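Worksheet: one structure, shown below.
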Amino acid sequence: NLVEDALTHLEMVAEEEPQQLQRQLYVEFEGEEGVDEGGVSKEFFQLIIAELFNPNYGMFVDIEDTRMLWFNPQSFEVDHNYKLIGMLLGLAVYNNIILDIRFPTVLYQKLMGEQSDIRDLILTHPLLGSSLQQLLDYPDEDVEEVFMLDFVASTTGLFGETITHHLVEGGDEIPVTSDNKHEFVSKYVDYVLNTSVSKQFDQFKKGFDMVASHSPLKSWFRPEELEKLIVGTHKLDFKALQTVARYDNGYTADSDVVKWFWEVTHAMTDEDKSKLLAFSTGCGRAPVGGMSEMNFIVVKNGGDSERLPTAHTCFNVLLLPEYSSKDKLKSKLFSAIQHFEGFGMI
């Protein structure tokens, strides 16, 4: 089992030589030969992240109005899987791996020990956060009559049932008024972002700290900078990528298909550019230093064909047949990236 094997080996290193976790990770899959020059390590991260973030595990919930992921308070998953994800985030920093995960910035703030407030809740849970902000902004004294709230937080369980949590002892009998609404909001925010997921987050942070606690990582970077190190940036400069792109198996920068590819790419929307990058590399975001720091290879994959483009995401390799026209290339490329799911490895 990939998850169990990874956790066992990484925990062993963390206990015996924790500083080794800050060095380049070399991965060898059982039964496979070859030297890990980065592609195998990237494949390891992609496979294990895909498995741990599989909805069947139920470790995280998808916040519908932001498409961000957050810890599932009702998760049945064992603690060490959360610890493994925390370790992977730390390892990604030291291995220059961009992870295709969608955590809100508040998670990185929590990793750095910063406190959360209503502004963070609005960013992570916009509907709930905005409702609580409306309560704070309400100017009149008839809060109790208008909002009809008690000191209780409500969440939805695994089977759709409503779960209530008393924010203070006997909270269901304490109405929210103009005098105590700030206390109510503060406790509600703390419950959603901290108390309700403390078991899951504590293990997650423990895993991250197993990698980062012996380094100056936390003193060097702010939360938003740490986030960019791990998940990259949405600023996609494909012209910069074109300047460093390489070509193989018969293609050159002057090949018609290559010229058409860049013309089509530069005309894409930001969303489609992100999809193309995810299709080709396994992640739709760029490294902090920009796309000029990426390795990107366009390889000729046979003559004119009805086949769609494919990719070796572990090595940032895009395989393009030698399509007969720009329109055909555009049609095939868009079909490939629009129907792409998962990590696109072949």
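Residue-wise test of (1) open to solvent by less than 40 Å² (accessible area, probe 1.4 Å); (2) within 17 Å of Thr124 (Cα to Cα).
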| position | (1), (2) |
| --- | --- |
| Pro175 | no, no |
| Asp179 | no, no |
| Ser196 | yes, yes |
| Lys206 | no, no |
| Asp209 | yes, no |
| Glu225 | no, no |
| His234 | no, no |
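Restricting to region 155-173, count the residues that are surrounded by 14 or more Cβ atoms within 10 Å (Cβ to Cβ) and touching a residue at least 40 places away in the same chain (Cβ under 8 Å).
Going through region 155-173 one residue at a time, the tally reaches 1.
Take Asn54 and decide whether it is at pLDDT 75 or above and open to solvent by less than 30 Å² (accessible area, probe 1.4 Å).
In short, no.
How many residues does region 239-289 hold that are within 25 Å of Ile98 (Cα to Cα), open to solvent by 80 Å² or more (accessible area, probe 1.4 Å) and in a helix (DSSP H, G or I)?
Residues in region 239-289 being within 25 Å of Ile98 (Cα to Cα), open to solvent by 80 Å² or more (accessible area, probe 1.4 Å) and in a helix (DSSP H, G or I): 4 in total.
Out of all the residues in region 290-312, which are within 23 Å of the chain's Cα centre (by Cα), over 15 Å from Leu241 (Cβ atoms) and open to solvent by less than 20 Å² (accessible area, probe 1.4 Å)?
Answer for region 290-312, where residues must be within 23 Å of the chain's Cα centre (by Cα), over 15 Å from Leu241 (Cβ atoms) and open to solvent by less than 20 Å² (accessible area, probe 1.4 Å): there is none.
With respect to the numbered conditions (1) assigned to a helix (DSSP H, G or I); (2) of a type in the set (Val, Ile, Thr); (3) closer than 24 Å to Phe53 by Cβ, which one is the sole condition not fulfilled by Ile163?
(1)
When Val189 is evaluated against the numbered criteria (1) farther than 18 Å from Leu21 by Cα; (2) open to solvent by 30 Å² or more (accessible area, probe 1.4 Å), which criterion, by number, is the only one it fails?
For Val189, the failing item is (2).
Examine region 213-223 for a residue that is of a type outside the set (Asp, Glu), in contact with a helix residue (DSSP H, G or I) (Cβ under 6 Å, 6 or more places away or on another chain) and surrounded by fewer than 17 Cβ atoms within 10 Å (Cβ to Cβ), and state whether such a residue exists.
Yes, region 213-223 contains at least one residue that is of a type outside the set (Asp, Glu), in contact with a helix residue (DSSP H, G or I) (Cβ under 6 Å, 6 or more places away or on another chain) and surrounded by fewer than 17 Cβ atoms within 10 Å (Cβ to Cβ).
Here is a check on your reading of the model: is Gln20 in a helix (DSSP H, G or I), farther than 29 Å from Phe76 by Cα and either out of contact with any Lys or Arg (no Cβ under 9 Å at 6 or more places or on another chain) or at pLDDT 75 or above (or both)?
Answer is yes for this residue.
Provide a single number: the residues in region 117-131 that are assigned to a helix (DSSP H, G or I) and either under 17 Å from Lys181 (Cβ atoms) or open to solvent by 50 Å² or more (accessible area, probe 1.4 Å) (or both).
Qualifying residue count for the region: 10.
Output the number of residues of region 264-292 satisfying the condition of being without any contact (Cβ under 8 Å) to a residue 12 or more places away in the chain and closer than 23 Å to Phe45 by Cα.
Count: 1.
Taking region 185-211 on its own, how many of its residues are touching a residue at least 60 places away in the same chain (Cβ under 8 Å) and either among the charged types (D, E, K, R) or not in a helix (DSSP H, G or I) (or both)?
6
Restricting the search to region 85-111, which residues are modelled with pLDDT under 90, more than 16 Å from Ile48 (Cα to Cα) and either in contact with a Cys (Cβ under 9 Å, 6 or more places away or on another chain) or in a loop (DSSP other than H, G, I, E, B) (or both)?
Asn96
The values are calculated or read from the model by the stated rules, or taken from the named source; none is laboratory data. Just so it is clear, the structure is predicted and the values come from calculations on it, not from any experiment. Cβ: placed from backbone, ideal geometry, glycine included. Neighbour counts: every protein chain shown. Side chains included, ligands, DNA and RNA excluded: accessible areas come from the protein's heavy atoms. Shrake-Rupley method; radii C 1.70, N 1.55, O 1.52, S 1.80 Å.
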